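Have a look at the structure below before the remarks.
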Protein chains: 2
Amino acid sequence: MSNNQFKRGELYSVINGVASTAVARRLQKNFRNAGLEITIEQWSILYHLWKEDGLSQQELCTRTFRDKASITRLIDNIEKLGLVERIASKDDRRVNLVYLTDAAKPLQEATYNLANQTMNEALQGISKEEIEIVKSVFQRVYENSK
Amino acid sequence: MSNNQFKRGELYSVINGVASTAVARRLQKNFRNAGLEITIEQWSILYHLWKEDGLSQQELCTRTFRDKASITRLIDNIEKLGLVERIASKDDRRVNLVYLTDAAKPLQEATYNLANQTMNEALQGISKEEIEIVKSVFQRVYENSK
DNA sequence: TTATATTAGTTGCATAACTAACTATATGTC
DNA sequence: GACATATAGTTAGTTATGCAACTAATATAA
């Protein structure tokens, strides 16, 4: 066993998702402080629906890197909040399409502003080139690991 | 609201921890396939204890970026598996020191090997310079966000 | 066209995360 | 020494995650 090899890149910190959870926690706090009673996980679903409404649950699995069961329950909870509704697809009766309700619309601008602000703070002192490298590394790590 | 600003760096993917969860899931699978019945969260605690045995729960909070409650239950579960034990500190009776049991020792080499292998696979095609940049960015994002 | 396999979604079970409220011990100040 | 404050850890309550087993609908193949 080679500790030296293991420490190459200290990927241990990647596994723990240190940076990502720190940003996520900060954003969650900012939501709460602003009186927005949603979790970042719920927000990550809304985020995709704001970009394209009426996605299937399966499509949300793919786009948010979660399994079917996680999406089922996340949608359950967001539906309870009255922010989305499931509508059965007419083309394929196995499929639920998830649509935003009117109640979700006002959340969009407020959360986008908070997300922008949170991310700008998180990214202070970090160049666009560095961000590009991180994105590129993430993509390759993801492809290598799935 | 500026979508353009928001997309700078697609930090959204950082928030979702795409890469880190992919590696973590892969490592978890490799543990299971090897008959090692521990979670990566449990392993992250053992990892720190293998480096330095007898840490306090508070110290484990700091080193693994978790809160007190999470550590309490993680230690509960690892203790149930018989891999660690809590021993009250003689210096400060509020403090629990967490010690590895003999049963935890054999796990070290097996899991280190799997972690090495998993990380090497995850890091294929990624240079040391890129890893250094990711580490550096992570550190700054963490500092900016805590 | 019937049998088989695949796909979308749900549910049960276990682990883990965070917040907030709580107990017990230590520390600091008057 | 007594009272206030800070620190270490536990517990309760809620949300989220993953796997595995399940149902229902669709697609494929004999």
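Every residue, every condition in (1) within 8 Å of another protein chain (Cβ to nearest Cβ); (2) of a type in the set (Ser, Thr, Tyr); (3) touching a Phe, Trp or Tyr at 6+ places or on another chain (Cβ under 8 Å), yes or no:
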position: A:LEU83; (1), (2), (3): no, no, no
position: A:LEU100; (1), (2), (3): no, no, yes
position: A:THR111; (1), (2), (3): no, yes, yes
position: A:MET119; (1), (2), (3): yes, no, yes
position: A:ALA122; (1), (2), (3): yes, no, no
position: A:SER145; (1), (2), (3): yes, yes, no
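Which members of region B:60-75 meet the condition of being more than 7 Å from DNA strand D (Cβ to nearest atom) and either away from every other protein chain (no Cβ under 14 Å) or touching a strand residue (DSSP E or B) at 6+ places or on another chain (Cβ under 7 Å) (or both)?
Of everything in region B:60-75, just one residue is more than 7 Å from DNA strand D (Cβ to nearest atom) and either away from every other protein chain (no Cβ under 14 Å) or touching a strand residue (DSSP E or B) at 6+ places or on another chain (Cβ under 7 Å) (or both), namely B:LEU60.
Would you check which residues across region A:26-49 are within 14 Å of chain B (Cβ to nearest Cβ), more than 8 Å from DNA strand C (Cβ to nearest atom), open to solvent by 40 Å² or more (accessible area, probe 1.4 Å) and assigned to a helix (DSSP H, G or I) and list them?
A:ARG26, A:GLU41 - these are the residues of region A:26-49 that are within 14 Å of chain B (Cβ to nearest Cβ), more than 8 Å from DNA strand C (Cβ to nearest atom), open to solvent by 40 Å² or more (accessible area, probe 1.4 Å) and assigned to a helix (DSSP H, G or I).
Any residue at all in region A:87-105 that's modelled with pLDDT under 95 and hydrophobic (A, V, I, L, M, F, W, C)?
Yes, the conditions are met somewhere in region A:87-105.
Between a first residue in region A:83-96 that is more than 7 Å from DNA strand C (Cβ to nearest atom) and a second residue that is open to solvent by 50 Å² or more (accessible area, probe 1.4 Å) and of a type in the set (Lys, Arg), which pairs have beta carbons less than 9 Å apart while being 6 or more apart in sequence or on different chains?
Between residues of region A:83-96 that are more than 7 Å from DNA strand C (Cβ to nearest atom) and residues that are open to solvent by 50 Å² or more (accessible area, probe 1.4 Å) and of a type in the set (Lys, Arg), the close pairs are A:ALA88/A:ARG94.
Under 7 Å by Cβ, and 6 or more places apart or on different chains, what pairs join a residue from region B:122-143 that is on the phi > 0 side of the Ramachandran plot with one that is open to solvent by 10 Å² or more (accessible area, probe 1.4 Å)?
Within 7 Å, the pairs are B:GLY125/A:ARG140.
The values are calculated or read from the model by the stated rules, or taken from the named source; none is laboratory data. This structure is a prediction, so every number in the text was calculated from the model and none was measured. Heads up, the Cβs are rebuilt from the backbone with ideal geometry, glycines too, and the neighbour counts pull from every protein chain shown. Please note that ligands, DNA and RNA were not included when accessible areas were found on the heavy atoms of the full protein model with its side chains. Shrake-Rupley method; radii C 1.70, N 1.55, O 1.52, S 1.80 Å.
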